[in-house]
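I have placed the structure first, in the form of structure tokens, so that the comments after it can refer back to it.
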Amino acid sequence: MLAKWLTSDRINIVERVEDWRAAIRLSAAPLLSAGAISPDYVDAIFASHQQLGPYYVIAPGLAMPHARPEEGVITPGLSMLYVKQGVNFDAQENDPVYVIVMLCAINGEEHLEMISHLAELFSDEDDFQALIKADTYPALNALIQKY
């Protein structure tokens, strides 16, 4: 099911990024290009980060930046950015982050469907560790195809 949303045009792999803001922008790029989100969605993520901190860094090496549907979601989607050298989000024990999965959903049902499939991947310790280390498209895609 994840393969439905995380197609090859929605996955980017880079050596490094300047900072967490650049990581957010780069992870949003496929969703912006596809017309799934507006630039307001990215601005809302930045605003939430300023107000609440890096609440979306949910595990060591993993971030899931997102905003509310009314803040710029046009169609549901996911994108993934893999940063080989990692990037710090000022998330203490969860830094550095290697995998950034951006989520956008229009309603709660879509949100829950995407989250449930991602949660399956993230809750399998072996696959989660493989995801954090999977710095090539074939390695990432193999994991995505399982879920």
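The values are calculated or read from the model by the stated rules, or taken from the named source; none is laboratory data. Note that this is a predicted model, so its numbers are computed, not measured. Glycine gets a Cβ as well: all are built from the backbone with ideal geometry, and neighbour counts include every protein chain shown. Please note that ligands, DNA and RNA were not included when accessible areas were found on the heavy atoms of the full protein model with its side chains. Shrake-Rupley method; radii C 1.70, N 1.55, O 1.52, S 1.80 Å.
Summary table
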| read-out | value |
| --- | --- |
| The chain: calculated mean residue ellipticity at 222 nm from DSSP helix runs of at least 4, using -39500 (n - 2.57) | -14000 deg cm²/dmol |
| Relative contact order (percent, whole number), region 15-147, Cα cutoff 8 Å, 6+ residue spacing | 25 percent |
| Estimated dipole of the chain in Debye, rounded to 20 [Cβ of Lys and Arg +1, of Asp and Glu -1, Cα centre] | 340 debye |
| Which of 85, 98, 112, positive extreme of dipole for region 19-147 (C-beta unit charges) | 85 |
| Within the accessible area of region 10-70 (1.4 Å probe), percent carbon and sulfur | 50 percent |
| Bridge type composition, the chain - antiparallel percent by DSSP, nearest 5 | 60 percent |
| Cα centroid separation - region 1-32 against region 44-120, whole Å | 11 Å |
| Global size of region 1-66 as Cα Rg and Dmax, reported in angstrom | 12.3, 33 |
| Relative packing of 64-72, 88-96, which averages over residues the other C-beta atoms within 10 Å, highest first | 64-72, 88-96 |
| Probe 1.4 Å - accessible area at residue 84, Å² to nearest ten | 80 Å² |
| The chain - convex hull of alpha carbons, volume per residue in Å³ | 96 Å³ |
| Percent of Cα-Cα distances greater than 17 Å, calculated over region 73-147 | 51 percent |
| Sequence-distant lysines (8 or more away, or on other chains) whose Cα lies within less than 17 Å of residue 84 | 133 |
